[in-house]
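Data block below; observations after.
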Amino acid sequence: MARSGKPSAELLAMLREEVARKNAKGELLGSSGLGSAGSGVADAIVAANPCRIIALCPTAGEDTGVQAQVAAYCPVHKRGSGNLICCEYITLRGTEIADLPTLLWWKANPDADRGLFQRLAETSSSVIIDSSSFAESEAELLMMQSLIEEGIPIADLNWRRLAAWQELAAEAFDPPERRAAIREIDRVTIDYEQGNSTQALMYLGWLASRLQWRPVAFKQEEGDYQIKRIKFAGADERVVEAELAAIPTADTGDVPGDLIALRLNSTNEKADCGTVLCSETGGCMRMEMKGGAQTDRFNQVTPLFDQVTEQLLGQHLQSWGRDMLYEESLAVTAQMLKLAKR
């Protein structure tokens, strides 16, 4: 380097030789990583627009993995512009991978910028959402159902939070002496944390889809508990009534709307189907107050301490195919919610 601060001729020659050598080996693709042709296009773009350019450069031959190159480039313009406009270049090089699934994790509400969401969803193998973040739970659950009907595969991470509740309810009726009694269930009570009703609605949709209940009425009551009352017609035309209550809690945690407790019961006092599932002592006590404490079977759900979205996402990526049980349950949930609009 000369004392003037400018590189010497020898240094420039050495740098040019090194760049040429690495370009020949495919280690670098020029200052931006896009090659000579790509750099011209990139320079024209960045001359007026700050941007991030991502270049995908497939290579032939043996698969040696994917190489990534990141560069920040701020070209100096000779026309005397006072603004320095910079661009970030990201270049990915590697052999082509056939039939690679494309998963879209949409962290915003699905109705935000619907055009962009629709375009991305149509080219994805699976669209991943978390309904615990829905601002308008009922309207956005209906939108999820409409997307599934359009052929877009949806995966809701909040649905995975219901697994323990579903498994314990099924186990409660595994014994042969109780298996027939499940058809006697005609009263359902579900308590959930105030703030988001998607878990409670999807759980009821799952239960109704398994027991072949058909939604016939939906009523919303305003008040401290925002109670939803849903009526179903059972397979034998038995009238089934469900009550969903949003319970105010001091600490809702990171996931709003988690289930607190639920009770399955029957107006037939001789039926052995009384079952209570609860996640904490308070939830169990509230269900005991409704009666049946001497005959109901209680089972406490082990608290999972706010299954955060990122952890559930990692689990989903291990088996990301379509979940038919979720789709069937959501279809019944949507039928319930459509009744509320009548």
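The values are calculated or read from the model by the stated rules, or taken from the named source; none is laboratory data. In this text the structure is predicted, and so the values were computed from the model without any measurement. Positions of Cβ are backbone-derived with ideal geometry, glycine not excepted, and every protein chain shown enters the neighbour counts. Surface accessibility is based on the protein's heavy atoms, side chains included, excluding ligands, DNA and RNA. Shrake-Rupley method; radii C 1.70, N 1.55, O 1.52, S 1.80 Å.
Applying 1/(1 + (r/R0)^6) with R0 = 30 Å to the Cβ-Cβ distance of ASP254 and ASN299 gives a FRET efficiency near 0.75.
Working from label points 7 Å from Cα in the Cα-to-Cβ sense, the LEU56 to SER146 distance is 3.0 nm. Across the accessible surface of segment 110-227, with the other protein chains kept in place and a 1.4 Å probe, carbon and sulfur atoms take up 47 percent.
Computed over neighbours whose Cβ is under 12 Å from that of PRO248, the net charge equals -4, Lys and Arg +1, Asp and Glu -1. Placing dummy labels 7 Å off each Cα toward the beta-carbon, the span from GLN311 to GLU221 is 3.5 nm. Potential lengthening of the chain between ALA340 and SER319 amounts to 4.1 nm, from the contour at 0.36 nm per residue minus the alpha-carbon distance.
Per-residue Karplus couplings for segment 120-133, computed as 6.51 cos²θ - 1.76 cosθ + 1.60 with θ equal to phi - 60°, are listed in order as 5, 5, 5, 9, 9, 6, 7, 9, 9, 10, 10, 5, 5, 9 Hz, Gly and Pro entered as x. A full extension of the chain between MET285 and ILE85 corresponds to an added length of 65.6 nm, given 0.36 nm per residue minus the alpha carbon distance.
Averaging the sequence gap over all C-alpha pairs within less than 8 Å and six or more residues apart, then dividing by the number of residues, gives segment 135-215 a relative contact order of 37 percent.
Here is the list for segment 150-202: GluC sites (Glu not before Pro) lying in DSSP coil, each with at most 15 other C-beta atoms within 10 angstrom of its C-beta, are GLU150. Among residues other than GLN315 with Cβ under 12 Å from its Cβ, the summed charge is +1 (Lys and Arg +1, Asp and Glu -1). For segment 216-270, run through the GluC sites (Glu not before Pro) and keep only the ones in DSSP coil with at most 12 other Cβ atoms within 10 Å of their Cβ. Answer by residue number: GLU221, GLU222, GLU237, GLU269. DSSP loop chymotrypsin sites (Phe, Trp or Tyr not before Pro) in segment 199-271 with at most 16 other Cβ atoms within 10 Å of their Cβ, which ones? Passing sites in segment 199-271 are TYR225. Computed from the C-beta positions of GLN67 and ALA13 and an R0 of 30 Å, the FRET efficiency is 0.65 to the nearest 0.05. Per-residue extension of 0.36 nm, minus the Cα-Cα distance of ARG114 and ARG179, leaves a gain of 18.8 nm for this segment.
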